[in-house]
Amino acid sequence: MKIKAKNDSAFIQYLLHLGDNALIMSHRNSEWCGHGPALEQDIALTNIALDQIGQARNFYQYAAVLINESSNEKQTEDSLAYLRDAWDFKNCLLVELPNGDWGQTILKQFLISAYQYYLYLELQNIQDEQLAAIAAKSVKELNYHLRWSADWVMRLGDGTSESKKRMTDAIDAVWSYTYELFEVAEYENILSVEMQCKIREAWIEKIKTVFGKATLAIPNSQWKQRGGKLGVHTEHLGYILAEMQFLQRAYPGSEW
Amino acid sequence: MQISLEEQFQQKIDQEIKIEPKDWMPEKYRHTLIRQISQHAHSEVVGMLPEGNWITRAPSLKRKAILLAKVQDEAGHGLYLYSAAETLGISRDEMYEQLHSGRAKYSSIFNYPTLNWADIGAIGWLVDGAAIMNQVPLCRTSFGPYARAMVRVCKEESFHQRQGFECLWVLSKGTEEQKKMCQDAINRWWWPCLMMFGPKDDESPNTMQNMQWKIKRFTNDALRQKFVDMIAEQIKLLGMKLPDPDLKWNEATAHYDYGKINWDEFWQVVQGNGPCNKERLAARKNAWDEGAWVREAATAHAEKNQIKISSMLHPNDINLGS
Ligand SMILES: [Fe+2]
Ligand SMILES: [Fe+2]
């Protein structure tokens, strides 16, 4: 595998992509805070949102250092989160989709947690110390996210007829967004083809196992929604950013 | 010489021996505690709403993480307190039912809106600050499970107050607009915070009994005064003003004098007419109703698994160890 030059712009794009996935997912999860179906689950999902915001900060801080080293810019974790527009965001569409009900939220969380888990497992061996360290720290958190969300998929899939129907509907609603996770953008070339295959295979294996225990089926539809990784988003991201960035935009240059 | 259960009970309290769930206790003590602890638990949970309102709009990633952690702590406080109340023979579902039907109250402070970002700081500094005044003495309350829950709660509350003050401190050193946010939030939260200590002592009929049972350690007015004295000093660091023209240091009493509290507003909010009573209760009810299918599914799944496990454990299969 080729070793990245520190100021490689593809590598910076990749860090932003990782950070954006974590930040937007955290945003969606944080919308549940105070509104969960039980206090324990409210706490659990907020925990995940907190981990994700921590991961986003690590990726952004690292990206900011690299950007500033290679240009006259003065980026920070906050300028990257709060002052870029939708077309600059490189998150997968899956993470920006609305929460829907608890079932859809859980399903999205499971699909993305499984992806991040296997991805970070690989990234912790990558030849960039800093990224490998962030991945190694994150994979411990992902271990919990994956276990928690998989448990809930099994509970809801194999619960009551209503919960099964809701999970089936949720799968129908989001499945077409899962393909994008594995459509490799140019800036992802830090991952070898071998790694990419490994991640994809581990992911699909995990989904099959958990769906099996949950008595849920993987849909046949092959239609693929794509665009997020390249900055072409759903209508939802604009609203997320409008809300998230409001204060930074309304009172530019302030300390908070 | 025989002494009555009632007298034994009071003797224990006088000797600072904790009352535990299985101990004999007067019915009125039990009921008062269920009311107090569940009301406290509801306050923690309803209190997540006004602050949760700003999580998605927090102005930096650091503030967002702090706020998320803080609101999550409040959920945890709710859990400890519901568990403490359950030891007195009431279920969490029953307590929720009382909250949703309006029979149980929660702290009126959470019926006020969070209108600008500085409200998050003001809640931490003033609301959590007032809560600490009320809660520190509760760490020594006579009922064991409540006292122990409060020890854990109080540890986290001091972090809440510090982050709130620090949030305002940054704003107070910031731009003109940020200073304006800061003062605006203080103006709106100050009086409702003074009301958090409850009615004046001479209008608080249960105070005597509750002090004797050591459910209450200080009177409402004493705690309120302590709070005023603390905040009147701390606000100087922010360079802001408390919205009370009568606030001034009194040499003779060695306390701050303060103006008249609008008790009419207090009772109106208690009775459901505050700016956000309807929204807060609706949000809680909605979360509960929307979560019904989830809880049912979890129960159904657990029961199915129970059956699976017990059918797997056929007596012949159990290895009793060698
Ligand atoms: Fe609390
Ligand atoms: Fe608090």
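Among B:Val170, B:Val151, which is open to solvent by 20 Å² or more (accessible area, probe 1.4 Å), within 14 Å of chain A (Cβ to nearest Cβ) and away from ligand 2 (no atom under 14 Å from the Cβ)?
Details: B:Val151 fails: within 14 Å of chain A (Cβ to nearest Cβ).
Every option except B:Val170 fails the conditions.
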Please enumerate the residues belonging to segment A:155-166 that are within 13 Å of A:Lys213 (Cα to Cα), at the interface with another protein chain (Cβ under 7 Å from one of its Cβ atoms) and part of a helix (DSSP H, G or I). A:Arg155, A:Leu156
Among the listed residues B:Phe143, B:Phe197, which satisfies the condition of being in contact with a strand residue (DSSP E or B) (Cβ under 6 Å, 6 or more places away or on another chain) and in contact (Cβ under 8 Å) with a residue 60 or more places away in the chain? B:Phe143
Going by the conditions given, is B:Asp289 open to solvent by 50 Å² or more (accessible area, probe 1.4 Å), of a type in the set (Asp, Glu) and outside any loop (DSSP other than H, G, I, E, B)? yes
What tally of residues in segment B:173-200 results from selecting those that are within 24 Å of B:Ser43 (Cβ to Cβ) and open to solvent by 50 Å² or more (accessible area, probe 1.4 Å)? 4
What pairs can you find where one residue is in segment B:278-301 and more than 7 Å from every other protein chain (Cβ to nearest Cβ) and β-branched (Val, Ile, Thr), the other is open to solvent by less than 20 Å² (accessible area, probe 1.4 Å) and not in a helix (DSSP H, G or I), and their Cβ atoms are less than 9 Å apart, with a gap of 6+ or different chains? B:Thr299/A:Gly159
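For every residue, the table says whether it meets (1) over 23 Å from the mean Cα position of the chain (by Cα); (2) without any contact (Cβ under 8 Å) to a residue 60 or more places away in the chain.
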| residue | (1), (2) |
| --- | --- |
| A:Gly212 | yes, yes |
| A:Asn220 | yes, yes |
| A:Lys224 | no, yes |
| A:His236 | no, no |
| A:Gln245 | no, no |
| A:Pro252 | yes, yes |
Here are the criteria: (1) buried (at least 23 other Cβ atoms within 10 Å of the Cβ); (2) away from chain B (no Cβ under 14 Å). Tell me which single one A:Gln52 does not satisfy. (2)
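If you take just the helices (runs of 4 or more DSSP H) that sit entirely in segment A:53-137, which of them hold at least 2 residues that are farther than 30 Å from A:Pro219 by Cα and out of contact with any strand residue (DSSP E or B) (no Cβ under 9 Å at 6 or more places or on another chain)? Walk me through it before giving the result.
Working: elements: A:77-82, A:93-96, A:102-123.
Fully inside segment A:53-137 and qualifying: A:77-82.
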What number of residues within segment B:52-73 satisfy the criterion of being within 12 Å of ligand 2 (Cβ to nearest atom) and either within 8 Å of chain A (Cβ to nearest Cβ) or open to solvent by less than 10 Å² (accessible area, probe 1.4 Å) (or both)? 5
Yes or no: B:Cys139 open to solvent by 10 Å² or more (accessible area, probe 1.4 Å), within 12 Å of ligand 1 (Cβ to nearest atom) and away from every other protein chain (no Cβ under 14 Å)? no
A:Asp169 being surrounded by fewer than 16 Cβ atoms within 10 Å (Cβ to Cβ) and in a helix (DSSP H, G or I): yes
Run down A:Gln248, A:Gln225 and say which single residue is in a helix (DSSP H, G or I) and in contact with a helix residue (DSSP H, G or I) (Cβ under 6 Å, 6 or more places away or on another chain). A:Gln248
Mind listing whichever residues of segment B:75-127 are part of a loop (DSSP other than H, G, I, E, B) and in contact with a Cys (Cβ under 6 Å, 6 or more places away or on another chain)? B:Pro113
Boolean, B:Leu49 is of a type outside the set (D, E, K, R), open to solvent by 10 Å² or more (accessible area, probe 1.4 Å), farther than 13 Å from B:Glu156 by Cβ and assigned to a helix (DSSP H, G or I): yes
If you go through segment B:174-202, how many residues are under 15 Å from B:Ile235 (Cβ atoms) and among the charged types (D, E, K, R)? 3
Exactly one condition in (1) within 14 Å of chain B (Cβ to nearest Cβ); (2) open to solvent by less than 30 Å² (accessible area, probe 1.4 Å); (3) farther than 30 Å from B:Lys179 by Cα is false for A:Ile240; which is it? (3)
Testing A:His35 on (1) modelled with pLDDT of 95 or more; (2) of a type outside the set (Phe, Trp, Tyr); (3) open to solvent by less than 50 Å² (accessible area, probe 1.4 Å), one condition comes back false. Which one is that? (3)
Checking the condition in a helix (DSSP H, G or I) and either without any contact (Cβ under 8 Å) to a residue 40 or more places away in the chain or out of contact with any Pro (no Cβ under 7 Å at 6 or more places or on another chain) (or both), which residue from B:Lys226, B:Lys216, B:Lys241, B:Lys260 passes? B:Lys226
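The values are calculated or read from the model by the stated rules, or taken from the named source; none is laboratory data. From a predicted model like this one, the values you see are computed outputs, not experimental measurements. Quick reminder, even Gly has a Cβ in these numbers, built from the backbone with ideal geometry, and neighbours come from all protein chains shown. For the accessible areas, the whole protein counts, side chains as well, though only heavy atoms, and no ligand, DNA or RNA atoms are used. Shrake-Rupley method; radii C 1.70, N 1.55, O 1.52, S 1.80 Å.
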